[in-house]
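Visitor: Pasting in a structure now, in structure tokens, and then I'll have a few things to ask.
The values are calculated or read from the model by the stated rules, or taken from the named source; none is laboratory data. All values derive from a computational prediction rather than experimental measurement. Cβ coordinates were reconstructed from backbone atoms using ideal geometry, including for glycine residues, and neighbour counts include every protein chain displayed.
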Amino acid sequence: MGTEALPDNHQLHVFLFPVTAHGHMIPMVDIARLFAARGLKSTIVTTPLNATNVSKTTERDRLSGFDINVRIIPFPAVEVGLPEGVESVDELSSPDMVSKFFVALNMLQQPFEELIEAHHPDFVIADMFLPWTTESAAKFGIPRIVFHGQSFFALSFGESLAIYKPWEAISTHADANDSSFVIPGLPDKIEMNMSQLSDDFKSQTIFSEIREKVRESELNSYGILVNSFYELEPAYAEHYRNALGRKAWHIGPVSLRNKDVSDKAQRGRKSTIDEHYVLNWLDSKEPNSVLYVSFGSISRFSNNQLLELAMGLESSGCSFIWVIRQRKNEDGQIFFPQGFEDRIEGKGLIVRDWAPQVLILDHFAVGGFLTHCGWNSVVEGLSAGVPMITWPMFADQFYNEMFVTQVIKAGIRVGVEEYVIWVDGKDGSLVKRDKVKMVVNQLIGQGDEAKEMRKRAKEISEMAKKSVEEGGSSYADLTTLIEEMKNYTSQKFSSSIMGSETITGHQQLH
Ligand code: UDP
């Protein structure tokens with residue numbers, strides 16, 4: 001093969017294609033910004049309504065001279081039987097809507113390929129839930145890299161489940177749902193309760209099929225991009241790469257790309273509360289005295305659970321900021337106990353729907369995070385040096401809870417045991433007010449355990465910040481990836497001008 005170099009003026013061009021869920025879009029936009037800051041042309045591919053949110057961020061970067069763009073493809077909501085304007089996972093409120101959403105995602109293949117044809121990216125970073133992008137990229141002879149939005153720990157955990165199926169040995173026992181099993185092959189001894197395992201492992205559901213497709217496309221893809229940093233989970237980074245043989249780059253925490261107030265305040269969506277009001281409110285509090293309570297962008301609770309949480313927070317006596325999202329069918333209905341809002345005035349700040357999360361977590365007054373354990377939230381909390389109370393519900397959230405409480409020991413469990421996906425409309429086992437009060441006092445209190453967790457979280461935060469600075473491990477891995485993509489593109493260029501065999505799939509160049 002020839003070694004002709006690419007023309008000097010060739011600017012490497014990356015396409016980034018997240019699934020339209022805030023937990024996937026938000027880190028992908030950060031990643032697009034990271035590439036643009038390294039001189040690449042970054043193009044985010046998304047649907048019309050999501051483009052509106054993304055464009056505000058990209059506009060600011062463009063004004064700073066970065067080459068970052070958004071390309072829009074229509075989302076066929078009506079064609080698949082979804083209401084017009086539904087383009088995002090957080091708007092899905094039943095299993096049937098989820099199935100239709102995935103049909104719509106598959107219909108994006110043709111318009112996506114038309115965009116590749118028109119704009120000639122050199123490589124594609126595409127969401128795990130778009131498995132067909134491996135095939136699309138191969139058609140154009142460019143690499144597809146997968147973004148799951150999960151940690152090395154969670155990726156390794158999921159892979160162990162897929163390979164060893166450790167629940168099978170106990171699934172026929174009469175008391176199976178109360179039993180637990182060890183996850184084989186992991187660097188630490190990690191046990192899982194059967195009730196924490198998703199149904200799609202235990203029986204064939206729409207998600208089982210999706211999971212299998214995702215895994216197959218990942219095995220055929222060029223590699224995996226991870227929003228984590230080596231120092232956080234060295235044993236799992238090694239395990240994933242060496243024992244499981246995955247080619248992976250860690251480039252996180254990507255949220256640290258957001259440095260000023262406007263970046264942090266407008267990340268994802270415009271917040272429903274004025275950011276300066278929140279900052280002033282926090283300024284009036286003692287260091288480490290406020291609990292931030294949020295369950296991510298999708299999860300919603302019933303009024304029963306919200307009531308228990310409200311009573312628990314109030315009786316804890318701690319200051320808190322609570323982002324509330326009600327069930328769709330209960331939206332807007334008052335659930336607060338009588339007089340609650342008056343009683344908590346000055347002590348508790350309620351935010352309906354969307355808060356500037358990273359801005360809040362980074363404030364010195366925040367001393368704890370009650371979280372559903374979405375990976376973005378966990379990594380954002382750790383980057384800010386904030387220990388956690390863990391309240392997982394579905395997806396990789398139970399794995400993340402185990403990582404936080406057992407591996408890095410920077411959090412305590414509220415004690416939920418049941419895997420419940422948000423569209424099932426159930427709460428799982430109700431967490432009672434006394435339990436909430438107890439764990440909040442434990443975390444925000446001055447006990448030795450709380451002090452130790454806070455110290456640990458602060459150390460992790462320091463490591464996180466160093467990892468993304470020049471000379472840090474995430475900075476270096478991003479450089480490695482960019483260099484590898486340059487070499488790949490050069491080789492492709494040389495082959496084409498030497499008239500050698502046309503490259504149709506990226507694996508030839510591995
Ligand atoms: N987020 C936010 N404000 C909110 C709720 C969520 O900024 O009120 C952001 C949060 O910072 C994170 C993302 O939305 O980046 C949620 O992702 P995560 O993986 O934590 O959970 P998911 O929403 O995917 O369940």
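Visitor: Being within 16 Å of the ligand (Cβ to nearest atom) and at positive phi narrows it down to one residue among GLY296, GLY245, GLY185; which is it? Full working, then the answer.
Guide: On the way: GLY245 fails: within 16 Å of the ligand (Cβ to nearest atom); GLY185 fails: within 16 Å of the ligand (Cβ to nearest atom).
Only one candidate passes the filter, namely GLY296.
Visitor: Further, regarding this structure: Here are PHE102, PHE75, PHE112: which of them is in contact (Cβ under 8 Å) with a residue 24 or more places away in the chain, within 30 Å of ASP396 (Cα to Cα), touching a strand residue (DSSP E or B) at 6+ places or on another chain (Cβ under 7 Å) and aromatic (Phe, Trp, Tyr)?
Guide: On the way: PHE102 fails: touching a strand residue (DSSP E or B) at 6+ places or on another chain (Cβ under 7 Å); PHE75 fails: touching a strand residue (DSSP E or B) at 6+ places or on another chain (Cβ under 7 Å).
Step by step, each of PHE102, PHE75, PHE112 is checked, and only PHE112 is in contact (Cβ under 8 Å) with a residue 24 or more places away in the chain, within 30 Å of ASP396 (Cα to Cα), touching a strand residue (DSSP E or B) at 6+ places or on another chain (Cβ under 7 Å) and aromatic (Phe, Trp, Tyr).
Visitor: Let me ask something else about it. All but one of (1) more than 26 Å from GLU462 (Cβ to Cβ); (2) under 14 Å from the mean Cα position of the chain (by Cα) hold for GLN357; which doesn't?
Guide: Only one criterion is unmet by GLN357, namely (1).
Visitor: Answer yes if at least one residue in segment 317-327 is hydroxyl-bearing (Ser, Thr, Tyr), touching a Lys or Arg at 6+ places or on another chain (Cβ under 9 Å), buried (at least 19 other Cβ atoms within 10 Å of the Cβ) and over 30 Å from ALA476 (Cα atoms), and no otherwise. Walk me through how you get there before you give the answer.
Guide: Let us first name the residues in segment 317-327 that are hydroxyl-bearing (Ser, Thr, Tyr), namely 319.
Right, trim to touching a Lys or Arg at 6+ places or on another chain (Cβ under 9 Å) and you get 319.
Retained after the next criterion (residues that are buried (at least 19 other Cβ atoms within 10 Å of the Cβ)): 319.
Of the ones still in play, those that are also over 30 Å from ALA476 (Cα atoms) are 319.
Checked segment 317-327: at least one residue is hydroxyl-bearing (Ser, Thr, Tyr), touching a Lys or Arg at 6+ places or on another chain (Cβ under 9 Å), buried (at least 19 other Cβ atoms within 10 Å of the Cβ) and over 30 Å from ALA476 (Cα atoms).
Visitor: Suppose we keep only residues that are of a type in the set (Gly, Ala, Ser) and modelled with pLDDT of 90 or more within segment 244-276. Which one would you say is surrounded by the most Cβ atoms within 10 Å (Cβ to Cβ)? Talk me through it step by step, then tell me what you get.
Guide: Our first condition is that a residue be of a type in the set (Gly, Ala, Ser); within segment 244-276, this holds for 245, 248, 252, 255, 262, 265, 268, 271.
Within this subset, residues satisfying the condition of being modelled with pLDDT of 90 or more are 245, 248, 252, 255.
On the way: GLY245: 8, ALA248: 19, GLY252: 29, SER255: 25.
Residue satisfying both the conditions and the ranking: GLY252.
Visitor: Now for a separate question. Sort out for me the helices (runs of 4 or more DSSP H) sitting completely within segment 248-352 that have 3 or more residues that are farther than 30 Å from THR480 by Cα and hydrophobic (A, V, I, L, M, F, W, C). Break it down stepwise before answering.
Guide: On the way: elements: 261-265, 275-283, 303-316, 340-343.
Here the list reads 275-283, 303-316.
Visitor: If you go through segment 48-60 one residue at a time, how many are surrounded by fewer than 19 Cβ atoms within 10 Å (Cβ to Cβ) and either under 21 Å from SER88 (Cβ atoms) or at pLDDT 95 or above (or both)?
Guide: Applying the first criterion (surrounded by fewer than 19 Cβ atoms within 10 Å (Cβ to Cβ)) to segment 48-60 yields 48-49, 51-52, 55-56, 59-60.
Of the ones still in play, those that are also either under 21 Å from SER88 (Cβ atoms) or at pLDDT 95 or above (or both) are 48-49, 51-52, 55-56, 59.
Within segment 48-60, residues that are surrounded by fewer than 19 Cβ atoms within 10 Å (Cβ to Cβ) and either under 21 Å from SER88 (Cβ atoms) or at pLDDT 95 or above (or both) number 7.
Visitor: Moving to a separate point now. Any idea which residue in segment 15-47 is nearest to GLU380 (Cα to Cα), counting only those that are of a type in the set (Gly, Ala, Ser), assigned to a helix (DSSP H, G or I) and within 16 Å of the ligand (Cβ to nearest atom)? Quick ask: steps written out before the conclusion?
Guide: First, the residues of segment 15-47 that are of a type in the set (Gly, Ala, Ser): 21, 23, 32, 36-37, 39, 42.
Among the residues that remain, those that are also assigned to a helix (DSSP H, G or I) are: 23, 32, 36-37.
So of that shortlist, the ones also within 16 Å of the ligand (Cβ to nearest atom) come out as 23, 32.
Details: GLY23: 12, ALA32: 18 Å.
Result: GLY23.
Visitor: Tally time: how many residues in segment 374-403 are away from the ligand (no atom under 11 Å from the Cβ) and out of contact with any helix residue (DSSP H, G or I) (no Cβ under 6 Å at 6 or more places or on another chain)?
Guide: Residues that pass the stated criteria total 3.
Visitor: Quick one: how many residues across segment 27-68 are under 19 Å from PRO111 (Cβ atoms) and acidic (Asp, Glu)?
Guide: 0
Visitor: In addition: Does ILE360 qualify as being hydrophobic (A, V, I, L, M, F, W, C) and more than 9 Å from the ligand (Cβ to nearest atom)?
Guide: No.
Visitor: Which pairs have Cβ atoms under 7 Å, sit 6 or more apart or on different chains, and link a residue in segment 360-375 that is more than 17 Å from ALA450 (Cβ to Cβ) to one that is more than 8 Å from the ligand (Cβ to nearest atom) and among the aromatic types (Phe, Trp, Tyr)?
Guide: ILE360/TYR292; LEU361/TYR292; LEU361/PHE369; HIS372/TRP391
Visitor: Which one is farthest from GLY381 (Cα to Cα), of the residues in segment 229-247 that are within 21 Å of the chain's Cα centre (by Cα), in contact (Cβ under 8 Å) with a residue 40 or more places away in the chain and in a loop (DSSP other than H, G, I, E, B)?
Guide: For segment 229-247, the residue satisfying everything is ARG246.
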